[in-house]
Amino acid sequence: MLLSELLSADRVKVPLGSRTKSDVLRELVELVTRSRNGQDADSILSSVRDREMVLSTGIGGGVAIPHGKTPAVDQLVLVAGVSPQPIDFDALDGKPVQLFFLLVGPESASGAHVKALSRISRLLRREQLRADLMAAKSPEEFLRIVRASEAA
Amino acid sequence: MPTTEPLATALLLALFGALLVVSVLFSRASERSSIPVALIFLLIGMLAGSEGIGGIAFEDYAFSFRLGTVALTLILFDGGMNTPLASIREAIRPAGVLATLGVVGTAALVGVGARALGLAWPLALLLGAIVSSTDAAAVFAVLRGSGVQLKRRVGTTLEVESGINDPMAVILTTAMTEHALTAGGIEPWRLGLGVVMQLVVGGVLGVIAGWLGRMLLTRLVLPAGGLYPALTLGLACLAFAVPTLLYGSGFLAVYVAGVVIGNAQFPFRSGLLRVHDALAWLSQIVMFLVLGLLVFPSRLRGVAGTGIALALFLAVVARPLVVALCLAPFRGYNVREVGYIGWVGLRGAVPIVLAIAPVLAGVPGGERVFDIVFFIVVVNAFVPGATVPWVTRRLGLESRDPPAPPAVLQVESLVPLEGELISFHIDEALAVSGARLRELEFPPGAAVVLIVRGRELLAPRGDTELTPGDHVYVITKAEDRGYIQLIFGRPEGE
């Protein structure tokens, strides 16, 4: 599974406008509903918030991968965004977050869901890639960087 | 009362044993009532005392002070051992400001409040210094009892603050006691210098004691597992005593030593932690029982008005104001979190122990201060104490608290291991909930090794599905922990 296949320019937002954890989650979920008409943003948002209640998905290094399972979508949807301002996300290393990947999927796709999370987190281990993505100026550039890193 | 042995000892042990057993049995009442468990021990002590049904005549301030100091040493050491280095790293700056400037600010404000209520300045300032530090045990006992778990950063700030703010309160109390006894008082610069000296000496010697302990525990092979806690108990005593003898803060040193030792990996570590946990509980109980015995309820009536007024002033004005000022320079605390940290500044045993010092030193009016302090701590246990679970939920600062696992699996090792065994509670919001094990992607060094479902131990197979409510044990290398927590959530017990 390639992330560049799950992502598209209209599912990446650079820059994000939010300043708080709660707002940035909503802003990312809006990316999901914008690209897939008529879906229940509140249901998606609450599934993501439920997961944040267990433990922050800010995995450190300025990266957060919020995710949730919801009947409001019928397949995996990945969106991403970069915030110019670091946002406090209660991350595991205590550092604020700039780079966001939000993944939502239906209950039935647990396996694919975990695989996608694994893929994202493995990719983002590379410090250089994180820095490049955070410096991306547009969704297109963001996608180019993701594609290039997956091709390598 | 028999004076021949072994009858005298037997009588003493019967008394002690009965008080201990009653205290432990009644500790459950705290879970239902949200009253800090320490308060229950205190009340039992009062009931056993000369004016209660027990009729035990006890008024030995010197013995109580010594016992209280020993108990605090053990409690702080245990607190340090259970504080992950990550929490310290994360919260040390805000907590450090709260534990120094915050303590001074609280002391000063309460001093002003006490002066307004008619105490002379020396006594008012002394009172402020005595009640200036918070108690983490109190906060976490209340939260745990009600099944609420705090958002991490708020929790670590409170925890680290209360771990390191007692030294400041001790230093201030000592200084203010001296001030109350010396005509003309002491100059502020001497006080300032003394504070810095105490903190530096205590901090440095604490780290040294911790490293020494770490070295001994990782290198030394002792003939029996039970000898390790004896060693660490000795180290804890030394970590308090040596810095204190060298004009450093022993309380800071013993906490720091606990942190350094507790964050190391060595043989029998979890067994050692359990022993110190037990010692800390025993210390809590004994200390509060004795402090309860030391109090004369009849004397409290005279200070009730002052005590209640000051307790409320501390809870509603002094602490929230000081916290808001101290946290203002730090990003990342929203208004609710600042308000919460300001509200739940619970007081514990430290003020009562500290209040004994001026009585011992012969400060005129010292006993009155002791009675007022006692009152403040008791009122504080109800406001804000008993409101903590409600406020936590009201402000939306709780995180989901998974139920305790029915079985605990631990790796006891004689040598430091690479990798760790972590258990997780499967919440339905987690990515892995509903997934079959074969669908999960694990890094090379990680795997699910056991699933506990209800009362059943399940062997993990490819087609085993993880269902909400399961407790899952995962082995992982340290570098993969971020990913494991991304898909499995919060490790149990953290």
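The values are calculated or read from the model by the stated rules, or taken from the named source; none is laboratory data. Computed from a predicted model, the values in this text were never measured in an experiment. A quick note on method: Cβ atoms are made from the backbone with ideal geometry, for glycine too, and the neighbour counts reach across all protein chains shown. Quick note on the areas: whole protein, heavy atoms, side chains included, nothing else; ligands and nucleic acids left out. Shrake-Rupley method; radii C 1.70, N 1.55, O 1.52, S 1.80 Å.
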_Global form of region A:49-152, assessed from the alpha-carbon gyration tensor, a/c cut-off 1.5_ = oblate
*Helix B:136-145 sits at what angle to the longest principal axis of chain B, using alpha carbons and giving 0 to 90 degrees rounded to 10?*
50
*Under 18 Å Cα to Cα from A:K137, which lysines show up? Leave out anything in the same chain fewer than 8 places away.*
A:K13
*Under a point spin-label approximation (7 Å from Cα along Cα-to-Cβ), what is the B:F330-B:I308 distance to one decimal in nm?*
3.5
*HN-Hα J couplings of region B:371-388 from phi, Karplus 6.51/-1.76/1.60, θ = phi - 60°, integer Hz, Gly and Pro as x?*
5, 5, 4, 4, 4, 4, 5, 5, 4, 4, 5, 8, 10, x, x, 6, 8, 4
_Need one word for region A:1-71: rounded, prolate or oblate. Basis is the Cα gyration tensor (sqrt eigenvalues a ≥ b ≥ c); a/c below 1.5 gives rounded, then a/b vs b/c decides._
rounded
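Roll a 1.4 angstrom probe over the protein heavy atoms and tell me the percent of accessible area of region B:26-394 that is carbon or sulfur.
With neighbouring chains kept in place, the figure for region B:26-394 is 69 percent.
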*Can you check what the net charge comes to around B:Y340, using other residues whose Cβ is under 12 Å from the Cβ of B:Y340 (Lys, Arg +1; Asp, Glu -1)?*
+4
_If I model a spin label at B:L25 and A:I145 as a point 7 Å from the Cα along the Cα→Cβ vector, what separation in nanometres do I get?_
6.6
*Calculate the radius of gyration of the Cα atoms of the protein assembly as shown to one decimal place, then report Dmax, the largest Cα-Cα distance, as a whole number, both in Å.*
27.2, 91
*For region B:26-394, what does the alpha-carbon gyration tensor say about shape, rounded, prolate or oblate, given a ≥ b ≥ c as the root eigenvalues, a/c under 1.5 as rounded, and a/b over b/c as prolate?*
rounded
*Could you pull out the GluC sites (Glu not before Pro) across region B:1-103 that fall in loop regions by DSSP (anything but H, G, I, E, B) with no more than 13 other Cβ atoms inside 10 Å?*
B:E59
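How high is the relative contact order of chain B, given as a whole-number percent (alpha carbon pairs under 8 Å, six or more residues apart)?
In percent, rounded to a whole number, it is 21.
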*Under a plain spin-label model, where a point goes 7 Å from the Cα along Cα-to-Cβ, how far apart in nm are B:R219 and B:V317?*
5.7
*Would you give the gap between the C-alpha center of region B:462-481 and the C-alpha center of region B:233-255, rounded to a whole Å?*
42
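If you add up the charges near A:E141, with Lys and Arg at +1 and Asp and Glu at -1, over every other residue whose beta carbon is less than 11 angstrom from its beta carbon, what do you get?
Local charge sum for A:E141: +1.
What do you get for chymotrypsin sites (Phe, Trp or Tyr not before Pro) in region B:225-258 restricted to DSSP loop and a cutoff of at most 12 other Cβ within 10 Å of the site's Cβ?
For chymotrypsin sites (Phe, Trp or Tyr not before Pro) across region B:225-258 that sit outside H, G, I, E and B with at most 12 neighbouring Cβ atoms in 10 Å, the list reads B:Y247.
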*asked:* Keeping every protein chain present and rolling a 1.4 Å probe, give me the accessible area per residue for the protein assembly as shown in Å².
replied: 43
*Taking the Cβ of B:Y473 as the centre, find all other residues whose Cβ is under 11 Å away and add up their charges (Lys, Arg: +1; Asp, Glu: -1).*
-3
*Would you mind checking which residues have amide H under 5 Å from B:A447's amide H? H placed 1.01 Å from N; only 5 or more apart, or other chain.*
B:I475
*How large is the helix-only mean residue ellipticity at 222 nm for chain B, computed as the sum of -39500 (n - 2.57) over DSSP H runs with n ≥ 4, divided by its residue count, in deg cm²/dmol to the nearest 500?*
-20000 deg cm²/dmol
*Which of the aspartates and glutamates could a cross-linker bridge to B:K477, judged by Cα under 14 Å and excluding same-chain residues fewer than eight apart?*
B:E418, B:E420
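When only DSSP loop residues count, what trypsin sites (Lys or Arg not before Pro) in region B:457-494 have their Cβ near at most 15 other Cβ atoms within 10 Å?
For trypsin sites (Lys or Arg not before Pro) across region B:457-494 that sit outside H, G, I, E and B with at most 15 neighbouring Cβ atoms in 10 Å, the list reads B:R461, B:K477.
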*asked:* Here is the link list: A:K95/B:K151; A:K69/B:K151; A:K115/B:K151. Which ones come out longer than 26 Å on Cα distance?
replied: A:K115/B:K151
